[in-house]
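**Q** Once you've had a glance at the structure underneath, I'll fire off some questions.
Just so you know, all these numbers are worked out from the coordinates, no wet-lab data involved. Every value quoted in this text rests on a predicted model; they were computed, and no experiment measured them. Counting neighbours? That spans all protein chains shown, and the Cβs are built from the backbone with ideal geometry, glycine included.
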Number of protein chains: 2
Amino acid sequence: MIEANLIGFSTSAEGDSFTTGYNPITTETLPGKFPGATNGEISLAVDLATSAFVEFSKISGAKKATFLNAIADEIMNLGDKLVQRCCAESGLPEARIKGERGRTVGQLQMFGNLLDEGSWLEATIDTAQLDRSPVPKPDIRRMLVPMGPVAVFAASNFPLAFSTAGGDTASALAGGNPVIVKAHGAHPGTSALVGSAIVKAAQKTGMPDGIFSLLHGSGSIVGQSLIKNKNIKAAGFTGSQTAGRILYDLANQRKNPIPFFAEMGSINPVLLLPSALNGQTAKLLAGSITMGVGQFCTNPGLILAVESDSLKTFMENLGESLSSIDGGVMLSDRIANSFNSELESALNQKGITIEAQAELSNEPNRAQPTLASVSGETFLDNPKLAEEIFGPYSLVVKCQNKSELNSILQKLDGQLTGSVIGDESEFSSFKLAIDLMKNKVGRIIFNGVPTGVEVCPSMQHGGPYPASSDSRFTSVGTAAIKRFVRPVAYQTWPDEQLTDELKNQNPLNIWRLVDNQWTKDSI
Amino acid sequence: MIEANLIGFSTSAEGDSFTTGYNPITTETLPGKFPGATNGEISLAVDLATSAFVEFSKISGAKKATFLNAIADEIMNLGDKLVQRCCAESGLPEARIKGERGRTVGQLQMFGNLLDEGSWLEATIDTAQLDRSPVPKPDIRRMLVPMGPVAVFAASNFPLAFSTAGGDTASALAGGNPVIVKAHGAHPGTSALVGSAIVKAAQKTGMPDGIFSLLHGSGSIVGQSLIKNKNIKAAGFTGSQTAGRILYDLANQRKNPIPFFAEMGSINPVLLLPSALNGQTAKLLAGSITMGVGQFCTNPGLILAVESDSLKTFMENLGESLSSIDGGVMLSDRIANSFNSELESALNQKGITIEAQAELSNEPNRAQPTLASVSGETFLDNPKLAEEIFGPYSLVVKCQNKSELNSILQKLDGQLTGSVIGDESEFSSFKLAIDLMKNKVGRIIFNGVPTGVEVCPSMQHGGPYPASSDSRFTSVGTAAIKRFVRPVAYQTWPDEQLTDELKNQNPLNIWRLVDNQWTKDSI
């Protein structure tokens, strides 16, 4: 575990303020002091990335795939050391961390496969028509190319899958961009271990020095300096709406603004149709609300239903299921403290009823799963009730009728997900509500809970603001790579000087749109 | 020609300040007084668009195609009335306006064809694996959906192709979004005529009231109000860097920021390799610099070459060709005045040599085609020399050697295009320069000039900032539609409730990525 910043293939520890690991279960400080990056170190990392970009941007997809697969191998090679440190720094159980490691490695390999195949580059060719009148049509060929050094902000709640070698890093590297990771302060040791695995993989596969750096330190100093650096060309972030918005604003206020993809707050509304008001749904929802101690961005924080006697019984069932679940330890003292104070503030709002609450454990940093309810009218009147509370909490909104339900859906902010639970036969009588929900979310689910984000080409993890800063992109799945690439068109460019993806012969045998037809044929 | 704002299918003229057309050739004020939209009218247009969105977002691709084709027909039906008004308001010759009308109609039809086919929606399906361990894999299906009401800012230099029914409007409507156009003050009559054609087409093809509105008025009042309106979900802009940046900042400073695609300044560097320094290149470049009185965003404003005796002869040739070309009348008095003052300021910079200048006509609003030169060192020292001057002007930078050339390319801002003129055999000795240029542009051209933007799937019209506000998108070609759509994933959604694009049977017979394979097969 290197107690320094990783700047390309070198280490550097010039700073005099330090991050340390904290075990939320034992409240012990963990071994290792990780020095915050100085301005000089930040500049060095970005300069090195800028130089490395010239070479890295031209490396073939197959070679980049070898690199990504090597990162996956080196992460597995870290063995139990990584699992133990990650469990200690996050309070998460071993099974979860091993599962998350599997997902992290799987993501790297998924992008490796994408690069090996190559059709993702959207190669588009319009051949020349020299006899066209009044002017000849030139040969134009377009494909996606990398943008330059990308800053990645690691997340607290996925110390592996959304952190140092997580989805943002994997997709940015896959796109051909050097990456500089701002380590999350809650798991510096995990970050250092994974960072060293990336460096080892880069060296083994002959990647240029500087395509990866890992910087420790605070978001307000190191994070903001990175975003302001003129050679950073894009950024990926997962975290709170407050932090995300500060960085988003900085990215846009630059002389040369850059794309800043932030995945932020979401309360993931669940719409219960009348037939869903049963014990099975209650159990399903209680599990989803408390999964990972409620610390998922897809946590169902809002349950919408039209008032009825069945709803009363349902809430009792849900409350019973929820309060029987052990809250578990939260990721850090900071997160546990925020949850408690945000929960207290929410429960003190006018018109809120506490429906059920699990017992509070005496152990430190524990969460108390909580279910509350409110009338539709009160919910509409108080925007605070629609704010995300990061932890095992959900609010049932009892709507007087469908019209009130529709007003609520119309007023909701953008969300990562929306779920509809019920029977297909009920769709027609809730048509408008479902349509309104579709316009607010990135993913809409039928008869399922929002937690559990599949990593695949069809996933959309990102929604209208504030769920994400740009609903046109996803941070999970193969399409996440599109955040960090841009198209370039080559006009009348000599065949020999084109990259393989655009050459007449199509040597990589990829799908291309040639004269408006999808084909793998050569020209 | 309706002297009012078009708000959906109605007209409204509540404002008491007016825009009038101006003929830059005769300096006459043209008939027609177009009232600026009031705040009430702006809100009304946006509210109507928001209501229309619910229906419009669900209309089939085929039906939207009928609408786009009907707009094309109605524009042609305006006949000579449109051509005459447009020529009068822009000072552009009839042949150019007829050509531009062809392009405008062609763009609408191109998006019509795209919608008729449907593969552009990126339908992506991952089928369920219910026996997967440890958890079953759900069925997920993703496609692009519209975002909501889009504001479009018309451009001065393409009164048809980048204005009321131009590329932004066509691509936003094609994507399924209602559009509100802010008419350009330099051609209000043209805007009114084209706007009425759109309304007629919408009515004829049964589109909902509110999917199109046309507002007159100033950018600083009407334009800014539109961008600040919370129900506007995206915007497209073509114009100056100053105006673009103001609106971009407003779009990003909103509580809920929206994508704002601005296509702004570019000086479109042309790199002359030694073999290109001949009379033929001089003629080609002189034509490109003065085409459309230099009022194209792809105008070649910067010519880069390494110093040599051939370069001296070349500049004489280029100067001779350029100064023999009649500058022509500029689009408006405002543009002619800006060109003259910006040119004067540029020519007064230290170290600038005027190489050639056409004679100045006594007629009003005329431009004087001008060629200047400067040393590489001076250019590097003075960022003002890299600013766009909108008109028939170009600056030759005489680089001492390749290393200075590379420094200049490294320092350049983002550009729409870059051109390399020479022989393929020279590529290897200018490898770094060409690579550096590629990283700065959206389109790179070999042995051609940047003017003349082909409308096709492979076109990339957009580059790193400030050429455009987001280099990941284009404002010309079929891919322009991607600016105004976002992906939505449907998880375990009943087949019957899915739109045709995602149904098992693939009734539209479109290309889809099913379990990571491109296919038109059903599931």
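**Q** Run through the other copies and list how far each one's label point is from that of B:ASP131, in nm with one decimal, shortest first; the point sits 7 Å from Cα along Cα-Cβ.
**A** Spacings between copies for this position, smallest first, are 5.9 nm.
**Q** Kirkwood Rh, segment A:137-208, all Cα pairs: how many Å?
**A** On the way: mean 1/r = 0.0748 Å⁻¹.
Evaluated on segment A:137-208, it is 13.4 Å.
**Q** Right, something else. Stretch B:SER220-B:SER60 to full length: gain in nm at 0.36 nm per residue minus the Cα-Cα span? Present the calculation step by step, with values, prior to reporting the outcome.
**A** Working: separation 160, 0.36 × 160 = 57.60 nm, distance 3.64 nm.
So the chain would gain 54.0 nm between B:SER220 and B:SER60.
**Q** Taking beta carbons within 10 Å but only from partner chains, what does the mean come to for residues A:385-396? Please report the intermediate quantities before stating the final value.
**A** On the way: counts 0, 0, 0, 0, 0, 0, 0, 0, 0, 0, 0, 0.
That works out to 0 on average.
**Q** Give the cross-link partners of B:LYS384 among the lysines, using a straight C-alpha distance below 26 Å as the criterion and excluding same-chain residues fewer than 8 apart.
**A** A:LYS228, A:LYS230, A:LYS233, A:LYS255, B:LYS312, B:LYS350, B:LYS398, B:LYS402, B:LYS411, B:LYS438, B:LYS440
**Q** Let me have the 222 nm mean residue ellipticity of chain A computed from DSSP H runs of 4+ only, each contributing -39500 (n - 2.57), with the sum over all residues rounded to the nearest 500.
**A** Numbers: 14 runs with 180 residues, N = 523.
My calculation for chain A gives -11000 deg cm²/dmol from helical runs alone.
**Q** On to the next question. Tell me which B residue has its C-beta closest to the axis rotating B onto A, and the distance in Å?
**A** Taking Cβ atoms only, the nearest residue and its distance are B:ASN252, 2.
**Q** So who's got an amide H within less than 5 Å of the one on B:SER163, skipping anything under 5 residues away but keeping other chains? H placed 1.01 Å off N, in plane.
**A** Excluding prolines and chain starts, which carry no amide H, the hits are B:ALA155.
**Q** Rounded to the nearest 0.05, what FRET efficiency do B:THR242 and A:LYS204 give with R0 = 45 Å and r taken as the Cβ-Cβ distance? Could you check? Walk me through the numbers on the way to the answer.
**A** Numbers: r = 50 Å, r/R0 = 1.11.
Plugging the Cβ-Cβ distance into 1/(1 + (r/R0)^6) gives 0.35.
**Q** Semi-axes of segment A:269-446's equivalent ellipsoid from the Cα gyration tensor, sqrt of 5 times each eigenvalue, largest first, rounded to whole Å?
**A** On the way: eigenvalues 135, 56, 47 Å².
Equivalent-ellipsoid dimensions as semi-axes: 26, 17, 15 Å.
**Q** If R0 is 35 Å, what FRET efficiency do you get for B:ASN509 and B:THR11 from their C-beta distance, rounded to 0.05?
**A** Details: r = 42 Å, r/R0 = 1.20.
So the FRET efficiency works out to roughly 0.25.
**Q** How far is A:SER310 from itself in the other copies, in nm, if each label sits 7 Å out from Cα along the Cα-Cβ line, shortest first?
**A** Spelled out, the distances from A:SER310's label point are 8.3 nm.
**Q** Collect residues whose amide H, placed 1.01 Å from N in the peptide plane, falls under 5 Å from the amide H of A:PHE212; neighbours closer than 5 in sequence don't count.
**A** Excluding prolines and chain starts, which carry no amide H, the hits are A:GLY8, A:VAL179.
**Q** Explain nothing, just compute: Karplus ³J(HN,Hα) = 6.51 cos²θ - 1.76 cosθ + 1.60, θ = phi - 60°, for every residue of segment A:65-78 in order, whole Hz, x for Gly and Pro.
**A** 4, 4, 4, 4, 5, 5, 4, 4, 4, 5, 5, 5, 4, 5
**Q** Within the set of other residues whose C-beta is less than 9 Å from the C-beta of A:SER475, count the net charge using Lys and Arg as +1 and Asp and Glu as -1. Write down the numbers at each step before the final one.
**A** On the way: positive: A:ARG483; negative: A:ASP168, A:GLU263.
Summing Lys and Arg as +1 and Asp and Glu as -1 gives -1.
**Q** Next up: In nm, one decimal, shortest first: how far is the label point of B:ASP423 (7 Å from Cα along Cα to beta carbon) from the matching points in the other copies?
**A** 8.1
**Q** On to the next question. Taking each residue in A:458-468, count the Cβ atoms of any other chain within 10 Å of its Cβ, then average. What number comes out?
**A** Numbers: counts 21, 7, 10, 1, 3, 3, 6, 7, 3, 0, 1.
Across the residues of A:458-468, the mean count of other-chain Cβ atoms within 10 Å is 6.
**Q** If you average the alpha carbon positions of segment B:290-306 and of segment A:376-451, how far apart do those two centres end up, in angstrom?
**A** Between the Cα centre of segment B:290-306 and that of segment A:376-451, the gap is 53 Å.
**Q** Quick one: go through segment A:10-40 and flag any residue whose amide nitrogen is under 19 Å from the point 7 Å out along the Cα-to-Cβ line of A:ASN362.
**A** The answer is A:25-28, whose backbone nitrogens lie closer than 19 Å to the label point.
**Q** Right, here's the next one. What aspartates and glutamates could a cross-link reach from B:LYS200, if we take a straight Cα to Cα line under 20 Å and drop same-chain neighbours fewer than 8 places away?
**A** The qualifying aspartates and glutamates are B:GLU3, B:GLU55, B:ASP73, B:GLU74, B:ASP80, B:ASP168, B:ASP209.
**Q** Could you check what % of the DSSP bridge pairs in chain A are antiparallel, to the nearest 5?
**A** Details: 29 of 69 bridges.
Of all bridge pairs located within chain A, approximately 40 percent are antiparallel.
**Q** Ok, one more. With +1 on each Lys and Arg Cβ and -1 on each Asp and Glu Cβ, and nothing else charged, work out how big the dipole of segment A:121-246 is about its Cα centre, in Debye to the nearest 20.
**A** Values: 11 positive and 6 negative charges, 50 e Å.
Approximately 240 debye in magnitude.
**Q** Under the rule of at least 5 residues apart or a separate chain, name every residue whose amide H is placed under 5 Å from the amide H of B:ASP139.
**A** B:ALA128, B:THR492
**Q** So, one more: How many angstrom lie between the Cα centre of segment B:98-174 and the Cα centre of segment B:498-523?
**A** Between the Cα centres of segment B:98-174 and segment B:498-523 lies a distance of 17 Å.
**Q** While we're on this one: Which peptide among B:282-291, A:144-153 comes first, and what is the full order, when sorted by highest mean count of other Cβ atoms within 10 Å? Don't jump to the answer; show the numbers that get you there.
**A** Values: B:282-291: 21.8, A:144-153: 26.3.
Descending packing order for the listed peptides: A:144-153, B:282-291.
**Q** While we're here: If the cut-off is 16 Å between C-alpha atoms, which aspartates and glutamates fall inside it for A:LYS137, apart from same-chain ones fewer than 8 positions away?
**A** A:ASP126, A:ASP515, B:GLU454
**Q** Distances over 40 Å make up what percent of all Cα-Cα pairs in the protein assembly as shown?
**A** Pairs farther apart than 40 Å: 44 percent.
**Q** Between B:SER133 and B:LYS411, take the C-beta separation as r, use R0 = 41 Å, and let me know the FRET efficiency to the nearest 0.05. Don't jump to the answer; show the numbers that get you there.
**A** Details: r = 56 Å, r/R0 = 1.36.
For B:SER133 and B:LYS411, the calculated efficiency is 0.15.
**Q** Something else now. Can you find, among A:SER17, A:ILE42, A:VAL105, the residue farthest towards the positive end of the dipole of segment A:1-151? Put +1 on the C-beta of Lys and Arg, -1 on that of Asp and Glu.
**A** It is A:VAL105, whose Cα lies furthest towards the positive end.
**Q** Looking only at segment B:12-32, which residues have a backbone nitrogen under 18 Å from a spot 7 Å from the Cα of B:GLU94 in the C-beta direction?
**A** B:24-26, by backbone N distance to the label point.
**Q** Full extension from A:GLN497 to A:ILE523: what is 0.36 nm times the residue separation minus their Cα-Cα distance, to one decimal in nm?
**A** Details: separation 26, 0.36 × 26 = 9.36 nm, distance 1.60 nm.
Extra length available between A:GLN497 and A:ILE523 comes to 7.8 nm.
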